Amino acid sequence: MNAAIFLLGFFTAKSVDVLDPALLFVYAFGIITLLRRTRRKGRERDQHGPKLRNNSMLEIALLLILIQLFGRKVSDMNPLAIFSVILVILLAAAALLAWHGYRTIPAEHVGIVHRFHGPSHPKFRHITPYNTRGILARTLLPGHSSWLLPGLHRVDLVPRTRVAEDKIGLVTAKEGKTRPATRALARPVACDDFQDGQAFLLNGGEQGRQVSTLNNGQSYYINAALFEIEQVDRVHVPENTIGLVSAKAGEVRPPGRLFGSHVDCENFQDGGQFLAAGGQQGRQLAILQGGAYYNINPALFDVVTVKNIRENAGELTPYHLQEISIPIGYTGVVITLDGAEPESPEQLGPRVPGHRGFQLPWVFLQNGGQRGVQQETLREGTVCSLNPYFVRVVPIPTRLLILEWNDKSQAEYWNYDAQLGRIAVTVQGHRLFVDMSQTLRIPPESAPMLVSNNGGSQMTSLGGLDWNPLPIQRFVERVLGAIVASYFNEIAAAATVRDFLEAYAETRTDLAAQVRNALREWGVEAQNTTLGEFRAEDPMLNEILKRPAHEQMRGELLDLELANAERDDAIDEVRVRTETRRKALELRARIDALGLNNVMVLDMLEKVAQAPVPQFIGGGDLAAYLETQPIARLEELLDKMRGLHGQAGPEGGAQPALPPQARGQEDTQSVPEAPTDA
């Protein structure tokens with residue numbers, strides 16, 4: 001653009017034949033334009049190397065021609081004109097210099113200032129906090145106007161640094177003091193989140209990776225020539241899990257210490273505070289809670305989560321990074337993997353205040369907590385986040401347990417009674433078998449001692465939630481199994497088969513008492529002891545043993561049948577008496593209504609009507625046969641009734657006597673007996 005203006009002015013001045021001073025101005029402008037162009041191309045060549053296509057011979061030739069023309073015109077002018085031209089040129093140059101030196105930085109940008117001339121600082125030769133040669137540490141910000149001498153300074157515009165929402169910014173300083181070899185990270189200095197490069201250098205900022213980081217979702221006006229920014233992911237710990245932290249830098253922890261000393265540093269987000277307060281390298285006691293994001297410098301801390309656990313070789317698994325949950329019906333026995341040495345291996349760790357259920361392990365250690373099984377347990381329903389490198393939690397059932405002595409399958413290997421087989425005793429050379437069950441309950445306060453004395457199979461330095469049935473299995477085998485086996489062997493040695501079997505009830509009672517006493521020593525409550533049926537290994541002995549029971553059952557069945565028969569007889573007697581009474585009452589009602597004679601006549605007529613009449617009569621004595629027919633019998637009966645009526649009539653009209661079935665309830669009334677054949 002400047003070259004085009006120069007050429008336009010040159011040919012215009014020639015065509016209109018302007019005064020020599022005006023043409024001098026055109027020559028001067030052309031010289032300045034060519035000098036600036038040549039200098040700019042030289043800088044570009046230095047930046048991009050020899051690959052940049054730039055032919056400067058034309059500019060040099062044109063510059064020499066303009067200088068020669070300018071010299072000729074000056075030699076032809078008088079001194080006053082020369083002075084005037086020089087003054088005007090100087091004023092124009094001053095105005096142009098003032099205009100080019102005025103700088104305004106656009107929004108969302110940072111101005112980085114380069115000074116090309118002047119003395120350099122002995123300590124800061126490349127990037128300087130002073131106004132010396134090199135790149136200035138201070139920057140030009142939007143909204144502020146600055147004036148810099150053209151030719152002495154150059155301003156490069158770069159976008160301001162924007163950290164994404166899910167990232168943090170790691171900062172590396174290109175200039176500063178050399179940090180000691182014992183420190184992997186530069187110590188923090190006050191420099192407004194690296195936006196004040198001048199303060200960073202003057203306050204002793206060190207070269208290399210910085211311990212402080214840039215927060216997510218923020219924008220920063222940072223000198224890109226002084227600081228290099230790398231954006232990395234924030235640390236995310238998923239819900240219901242934990243994050244384990246290991247420090248890469250800091251003091252070296254003393255021998256024998258499993259963890260670095262605890263430092264309050266905002267969940268490891270303030271690396272400067274961690275180092276300043278004496279944070280130590282290695283595993284940390286504090287953990288990161290789940291369901292949160294953290295701005296943690298990965299150059300200072302390694303964080304293990306369920307997302308990156310595969311990248312960290314070792315015994316740690318995703319299961320160890322889950323929150324610990326104690327189900328209902330269980331208590332959590334806590335085994336601490338760090339702490340003071342107990343006086344004896346069997347001694348339980350005393351209760352320590354202030355550690356919030358082992359979630360503040362540094363408080364536990366500071367207050368004298370001991371290593372090993374603790375008296376304090378985690379109650380049922382507890383959900384907590386614990387460091388698996390610090391504690392192991394063994395769930396012990398506090399609900400009712402039913403332990404069975406019987407044959408076990410392979411699938412029952414993890415049962416608490418897996419080591420209890422069917423009970424076998426030898427009596428008089430006969431091998432007898434019996435199943436048994438025992439119900440018990442382990443109180444929460446007794447669980448730690450049970451775990452301490454029976455141990456587990458955990459051979460690793462890791463803790464976490466350990467669903468290991470071995471402590472209960474060993475307790476059941478060593479205590480219950482031993483007591484039951486010893487008891488049956490003792491009574492079998494001094495008894496016959498018959499005595500052994502006949503003392504079944506006494507055996508169950510004595511065994512329950514011994515089991516109860518043995519469990520009481522462990523603080524365990526015995527609820528119920530049940531014995532099954534004894535069976536012999538010999539089938540013939542089983543048949544012999546069954547006979548008394550079969551006979552007893554048969555006798556009981558016969559007794560039951562006899563009792564039922566007696567009940568049936570009693571029921572029949574009651575029914576007969578009831579029916580007799582009913583008939584007597586009916587007869588009494590008929591006699592009262594019709595009279596005794598009429599009732600007798602009606603009954604006889606009913607009987608006669610029901611008598612059978614032959615349909616055919618063969619030979620024989622017909623007269624004798626007719627005497628047996630109903631009409632003959634009826635006449636005979638009527639004659640007898642007339643006789644009875646005649647005998648009773650003169651006595652004043654006494655009623656004839658009732659038949660026997662009608663006298664049931666007439667004990668107080670004297671009635672003459674009726675003839676036996678009536």
(request) Starting from the Kirkwood radius over alpha-carbon pairs of region 360-420, derive D by Stokes-Einstein at 20 °C in a medium of 1.002 mPa s and give it in µm² s⁻¹. (result) 142 µm²/s
(request) Pairs of Cα atoms under 8 Å, at least six residues apart: use those to get the relative contact order of region 133-229, whole percent. (result) 41 percent
(request) Could you order peptides 388-395, 276-283 by the average number of other Cβ atoms within 10 Å of their residues, highest first? (result) 388-395, 276-283
(message) Can you order the peptides 367-374, 406-413 by their average number of other Cβ atoms within 10 Å per residue, highest first?
(response) 367-374, 406-413
(request) Taking the Cα atoms of region 500-607, report the difference between the largest and smallest coordinate on each principal axis, in whole Å and largest first. (result) 95, 42, 15
(request) Over every pair of different alpha-carbon atoms in region 326-536, take the mean of 1/r and invert it; report that Kirkwood radius in Å. (result) 18.9 Å
(message) Let me check I've understood the local charge: for residue 235, count other residues with C-beta under 12 angstrom from its C-beta, Lys and Arg +1, Asp and Glu -1. What total comes out?
(response) 0
(message) Starting from the 7 Å offset along Cα-to-Cβ, what nm value, one decimal, do you get for the label separation of residue 83 and residue 563?
(response) 15.5 nm
(request) Can you figure out the FRET efficiency of residue 126 with residue 181, using R₀ = 22 Å and their beta-carbon distance, to the nearest 0.05? (result) 0.50
(message) Can you divide the C-alpha Rg of region 221-312 by 2.2 N^0.38 Å and report the result to two decimal places?
(response) 1.17
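Using the structure shown, list the pairs from 248/307; 177/307; 583/607 with a Cα-Cα distance above 26 Å, or answer none. Kindly include the intermediate steps, with their values, before the conclusion.
Numbers: 248/307 20 Å; 177/307 38 Å; 583/607 17 Å.
Long pairs (Cα-Cα over 26 Å): 177/307.
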(message) Using the Cα atoms of region 161-321, I'd like the radius of gyration and the largest Cα-Cα distance, Dmax, both in angstrom.
(response) 16.3, 50
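Which FRET efficiency value, to the nearest 0.05, is calculated for residue 543 and residue 292 with the Förster distance at 60 angstrom and r the Cβ-Cβ distance? Don't jump to the answer; show the numbers that get you there.
On the way: r = 74 Å, r/R0 = 1.23.
Computed FRET efficiency for residue 543 and residue 292 comes out at 0.20.
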(message) Test of understanding: what is the full-extension gain from residue 402 to residue 356, defined as 0.36 nm times their sequence separation minus their Cα-Cα distance?
(response) 13.2 nm
(message) As a test of the definition: which semi-axes, in Å, follow for region 397-502 when you take the square root of five times each eigenvalue of its alpha carbon gyration tensor? Largest first, please.
(response) 33, 14, 12
(request) Starting from the Cα of residue 317, step 7 Å along the direction of its Cβ; do the same at residue 494; then give the gap between the two resulting points in nm. (result) 5.2 nm
(message) Compute the distance from the alpha-carbon center of region 468-539 to that of region 232-304, in whole Å.
(response) 55 Å
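What does the charge count near residue 293 come to, summing +1 for each Lys or Arg and -1 for each Asp or Glu among other residues with Cβ under 14 Å from its Cβ? Show your work: numbers first, answer last.
Numbers: positive: 167, 234, 307; negative: 165, 166, 233, 239, 266.
Within the 14 Å Cβ shell, the charges total -2.
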(request) Based on the mean of other Cβ atoms within 10 Å per residue, sort peptides 285-296, 178-189, 569-580 so the most packed one is first. (result) 285-296, 178-189, 569-580
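Per 0.36 nm of contour for each residue apart, how much would the distance between residue 281 and residue 485 grow if the chain were fully extended, relative to their Cα-Cα spacing? Could you put the intermediate results ahead of the total?
Details: separation 204, 0.36 × 204 = 73.44 nm, distance 5.54 nm.
Separation in residues times 0.36 nm, less the Cα-Cα distance, equals 67.9 nm.
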(message) I want to check the label-to-label distance for residue 445 and residue 477. Put each point 7 Å from Cα in the C-beta direction and report it in nm to one decimal.
(response) 3.1 nm
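The numbers here are math on the coordinates, done by the rules we state, and not lab data. Just so it is clear, the structure is predicted and the values come from calculations on it, not from any experiment. Here the Cβ is made from the backbone with ideal geometry for all residues, glycine too, and neighbour counts use every protein chain on show.
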